[in-house]
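Engineer: The structure's right below; bear with me while I get my questions together.
The values are calculated or read from the model by the stated rules, or taken from the named source; none is laboratory data. Just so it is clear, the model here is predicted, and its values are computed rather than measured. As a convention, Cβ positions derive from the backbone with ideal geometry for all residues, glycine included, and neighbour counts pool all protein chains shown.
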Amino acid sequence: MIRRFTAGEPILTDAAVRQIPAESIAAFPYPHCRDGSRFSFTFPLEDGEIVYGLGEAPRGINKRGWLYKSFCSDDPFHTEDKHALYAAHNFLLHGGPLGGLGGIFRGIFIDFPAEIVWDIGYTRPEEAVITLDGTDFDIYLIEEETPRAVVREFRALIGKSYIPPFWAFGFLQSRWSYYNADAVKDVIRGYDEARIPLDGVCLDIDYMERYKNFTVNGEAFPDLRRFAAELKAQGIHLIPIIDAGVKKEDGYGVYEEGRDRGYFCKNADGSDFEGAVWPGIVGFPDFLRPEVREWFGEKYRVLTDLGIDGFWNDMNEPAIFYSAKGLKEAYEKAARLRGEELDLTGFFALKDAFARLDNSPDDYASMFHEIGGRPVNHLHVHNLYGASMTRAAGEFFEKEFGKEKVLLFSRASYIGAHRHGGIWFGDNHSWWQHILLCLRMLPSANMCGFLYCGADLGGFNGDATPDLLLRFLALGVFTPLMRNHSALGTRSQECFRFGDPAPFRDIIQVRYRLIPYLYQTFRRAAEAGDMMFRPLSFDYPDDPIARECETQLLLGEECMIAPVCEQNASGRTVYLPEEMCFVKLSGERIVSKEVLPKGLHYVRVALNEVPLFLKKGKTVPLCRPALRTAQLDTETSENLTW
Ligand code: MIG
């Protein structure tokens, strides 16, 4: 059962694809109040009650005990003290056997693109308080008898998830600093010589001419069309990045068109808002306007015409290093303080004037969009920005090439964008904890419709070690987006850079053996509005250990995954909620199969092995590995079963 409660005049977000009759907010069953320009509501949290949801967000699968914010944020430190990451996935799921709803599960979707604060038992452990920074919104309540049924009903509301082309299930290599075609060739050669499968290489901002979207640096990539064709003949796809901001530069067509047509976000006085990102000063296309989406989407043609069929959209929270106005104010503050005797307060004020320039609330507050011909402050629609960029690209690809032809994944997102592209989980670190953070985001993102997703394997920031990368990859074997990516200046972490490549080959070959199974599981989840990854509690709600499990996931109907995520560990403790077969896969081999009874077990897993737990009576098909998905014989060569 689904109900929709409307207050005021909500901004159309494109999140829902079904029309549900609107009821007045007065009928909203949770205690709620309007306090000036905010709306909040509360619900009690029973002992042991679990709260799921919020998609890409910090902390656990169970969101209880912390405060989260829906406010798309470019924050490269994904630590536990954070409240928000790059996405705003406003869906929660609570209730159940130990919940306060008489055994019923309830989903709450808040379709509202400004900031939302989710205090899930943070201020008071026995209460959730949810506060919207505005009073115009739709809230949907879904009630069903199981969490999975709630998710399915929610997903029917928001429409079918994006399905990428088949090759996007292959392994992708990326790094910020592949400066030219030779660097890309070296990477491909490195993989080929090591006989490690690979299907694509991501091009970061380095391929552009001075970071201008839809341009190619002709010195670095003298003939991208030919290069892309050569690589395509070898089964390798190039996946260039596109940033949200458009460089302000006379003579640069994209900028001039955007400016002349009035397509960039504005200041209050109607002039173009100017912020600085990688290219220097940029205009931010007002992706919320359909004509701007169409215009920007068309621009991808420059690259698709060269044979490119994959993209990643970045910096679309939007990230702003500083604005022209903010910098001017900081200089003025510095000028005023100059020559004065600074006390500590003055010193910190001076320091902060510059240190707080990036992603500043003041800048967001001085940016305007145009909706229905009227100016709308950015803060009211902040969380739609990246999603609308993804929509611009996704709609162009679908119109031009049809469904499932072009790979697209984005950094910022809002529910609705799951129909147009996938997401990656942003700038994580080469930290062991971040293996688990990725695992925890998978079911949460799946609930919210994002099926094609994954983290930067090996970690983006910081230096990776081979053991960390191997364990990260052993989780990445199962994530639809399987990409190794790292930041400029960090230790190189391509799989052939650590001496003997054999263990890396062993892990990535397992991925290729599983691709038919993973692809089918993914498709099924997309078609049925289901999750590919589920928390154990979804299937074993009455099992107290399964309910609290935060380090294992169910995959499809057949199996459970439980990666090793600690350094120097030769195995891990795993909880089996029922009798299962513990399988170790490595390269072309099934290393071992062992039926284990329900309960806690310590299992050993070598660095070159992928652990998998198979349910009784279920079968996971394996094919023979290949160096490319295009060469993959997807016929089953062997069935995993017991
Ligand atoms: O400010 O393009 O998340 O994947 O390598 C950093 C450079 C900008 C952030 C992305 C990351 C990418 C990087 N970008």
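For every residue, the table says whether it meets (1) under 28 Å from the mean Cα position of the chain (by Cα); (2) touching a residue at least 12 places away in the same chain (Cβ under 8 Å); (3) within 23 Å of ARG391 (Cα to Cα).
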site: ALA244; (1), (2), (3): yes, yes, yes
site: GLU249; (1), (2), (3): no, yes, no
site: VAL254; (1), (2), (3): yes, yes, yes
site: ARG259; (1), (2), (3): no, yes, yes
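Engineer: Still on this structure, please answer the following. Could you check the range 241-278 and list, in sequence order, the residues that are more than 16 Å from the ligand (Cβ to nearest atom) and either of a type in the set (Asp, Glu) or on the phi > 0 side of the Ramachandran plot (or both)?
Structural biologist: GLU249, ASP250, GLY251, GLU256, GLU257, ASP260, GLY262, ASP269, GLY270, ASP272, GLU274
Engineer: If LEU640 satisfies every condition in (1) surrounded by 15 or more Cβ atoms within 10 Å (Cβ to Cβ); (2) more than 32 Å from the chain's Cα centre (by Cα); (3) modelled with pLDDT of 95 or more but one, which is the exception?
Structural biologist: For LEU640, the exception is condition (2).
Engineer: Pairs, please: C-beta under 7 Å, at least 6 apart or cross-chain, first residue in contact (Cβ under 8 Å) with a residue 24 or more places away in the chain and of a type in the set (Lys, Arg) and in the range 603-618, second part of a strand (DSSP E or B) and surrounded by fewer than 20 Cβ atoms within 10 Å (Cβ to Cβ)?
Structural biologist: ARG604/GLY571
Engineer: Conditions first: (1) hydrophobic (A, V, I, L, M, F, W, C); (2) touching a strand residue (DSSP E or B) at 6+ places or on another chain (Cβ under 6 Å); (3) part of a loop (DSSP other than H, G, I, E, B). ALA569 passes all but one, so which condition is the exception?
Structural biologist: (2)
Engineer: Scanning the range 422-438 for residues that are surrounded by 24 or more Cβ atoms within 10 Å (Cβ to Cβ) and farther than 21 Å from THR551 by Cβ, which turns out farthest from the ligand (Cβ to nearest atom)?
Structural biologist: GLY422
Engineer: Which one is farthest from PRO290 (Cα to Cα), of the residues in the range 319-376 that are of a type in the set (Ser, Thr, Tyr) and more than 35 Å from the chain's Cα centre (by Cα)?
Structural biologist: It comes out as THR345.
Engineer: Next question, about the same structure. Which condition does THR490 not pass, out of (1) crowded, with 23+ Cβ neighbours inside 10 Å; (2) within 16 Å of the ligand (Cβ to nearest atom); (3) of a type in the set (Val, Ile, Thr), if it passes all the others?
Structural biologist: Failed condition: (1).
Engineer: State yes or no: is LEU481 touching a Ser or Thr at 6+ places or on another chain (Cβ under 6 Å) and more than 17 Å from ILE590 (Cβ to Cβ)?
Structural biologist: no
Engineer: Right, here's the next one. Of all residues in the range 1-51, how many are within 21 Å of GLY103 (Cβ to Cβ) and among the aliphatic types (A, V, I, L, M)?
Structural biologist: Count: 5.
Engineer: Further, regarding this structure: Which condition breaks for GLY617 when tested against (1) under 14 Å from CYS559 (Cβ atoms); (2) not in a loop (DSSP other than H, G, I, E, B)?
Structural biologist: The one condition GLY617 does not meet is (2).
Engineer: Looking only at residues that are within 13 Å of the chain's Cα centre (by Cα) and in a loop (DSSP other than H, G, I, E, B) in the range 454-482, which one is farthest from the ligand (Cβ to nearest atom)?
Structural biologist: Taking the candidates together, the pick is PRO480.
Engineer: Looking only at the range 243-253, which residues are among the acidic types (Asp, Glu) and assigned to a loop (DSSP other than H, G, I, E, B)?
Structural biologist: Across the range 243-253, the qualifying residues are GLU249, ASP250.
Engineer: A further question on this structure: Looking only at the range 56-91, count every residue that is under 13 Å from the mean Cα position of the chain (by Cα) and of a type in the set (Gly, Ala, Ser) and tell me the total.
Structural biologist: 5
Engineer: Sticking with this structure for a sec: Condition first: buried (at least 18 other Cβ atoms within 10 Å of the Cβ), at pLDDT below 95 and in contact with a helix residue (DSSP H, G or I) (Cβ under 6 Å, 6 or more places away or on another chain). Can you find one or more residues in the range 150-162 that meet it?
Structural biologist: Within the range 150-162, not a single residue is buried (at least 18 other Cβ atoms within 10 Å of the Cβ), at pLDDT below 95 and in contact with a helix residue (DSSP H, G or I) (Cβ under 6 Å, 6 or more places away or on another chain).
Engineer: Among residues belonging to the range 407-421 that are closer than 12 Å to ALA393 by Cα and more than 13 Å from the ligand (Cβ to nearest atom), point out the one that is surrounded by the most Cβ atoms within 10 Å (Cβ to Cβ).
Structural biologist: ALA417
A quick yes/no check of all residues on (1) away from the ligand (no atom under 16 Å from the Cβ); (2) surrounded by 15 or more Cβ atoms within 10 Å (Cβ to Cβ); (3) of a type in the set (Ser, Thr, Tyr); (4) not in a loop (DSSP other than H, G, I, E, B):
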residue	(1), (2), (3), (4)
VAL302	yes, yes, no, yes
GLY307	yes, yes, no, no
TRP312	no, yes, no, yes
PRO318	no, yes, no, no
GLY326	yes, yes, no, yes
LYS333	yes, yes, no, yes
ARG336	yes, no, no, yes
GLU340	yes, no, no, no
THR345	yes, no, yes, yes
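Engineer: How about the range 347-358: which of its residues are surrounded by 18 or more Cβ atoms within 10 Å (Cβ to Cβ) and within 16 Å of the ligand (Cβ to nearest atom)?
Structural biologist: LEU357 - this is the single residue of the range 347-358 that is surrounded by 18 or more Cβ atoms within 10 Å (Cβ to Cβ) and within 16 Å of the ligand (Cβ to nearest atom).
Engineer: Continuing with the same structure: Mind telling me which of the residues LEU303, LEU288 ends up being in contact (Cβ under 8 Å) with a residue 40 or more places away in the chain, more than 30 Å from PHE171 (Cα to Cα) and among the aliphatic types (A, V, I, L, M)?
Structural biologist: That would be LEU288, the only listed residue that is in contact (Cβ under 8 Å) with a residue 40 or more places away in the chain, more than 30 Å from PHE171 (Cα to Cα) and among the aliphatic types (A, V, I, L, M).
Engineer: Something else about it: Based on what the data block shows, is ALA630 of a type in the set (Gly, Ala, Ser) and either in a loop (DSSP other than H, G, I, E, B) or modelled with pLDDT under 95 (or both)? First the steps, then the outcome.
Structural biologist: On the way: of a type in the set (Gly, Ala, Ser): yes; either in a loop (DSSP other than H, G, I, E, B) or modelled with pLDDT under 95 (or both): no.
No; evaluated as a whole, the condition is false for this residue.
Engineer: Hey, another quick one. Among the candidates ALA168, ALA181, ALA194, ALA149, single out the residue that is within 17 Å of the chain's Cα centre (by Cα) and more than 16 Å from the ligand (Cβ to nearest atom).
Structural biologist: ALA168
So that you can scan it fast, the table gives a plain yes or no per residue for (1) more than 20 Å from ILE11 (Cβ to Cβ); (2) aromatic (Phe, Trp, Tyr); (3) surrounded by fewer than 18 Cβ atoms within 10 Å (Cβ to Cβ):
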position: LEU45; (1), (2), (3): yes, no, no
position: TYR52; (1), (2), (3): yes, yes, no
position: GLU56; (1), (2), (3): yes, no, no
position: ARG59; (1), (2), (3): yes, no, no
position: SER70; (1), (2), (3): no, no, no
position: THR79; (1), (2), (3): yes, no, yes
position: HIS89; (1), (2), (3): no, no, no
position: PHE105; (1), (2), (3): yes, yes, no
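Engineer: Whether any residue in the range 179-198 is within 30 Å of PHE91 (Cβ to Cβ) and touching a residue at least 24 places away in the same chain (Cβ under 8 Å) is what I want to check.
Structural biologist: The first filter runs over the range 179-198 and keeps only residues within 30 Å of PHE91 (Cβ to Cβ), leaving none.
Within the range 179-198 (the criterion being within 30 Å of PHE91 (Cβ to Cβ) and touching a residue at least 24 places away in the same chain (Cβ under 8 Å)), the answer is no, since none of the residues qualifies.
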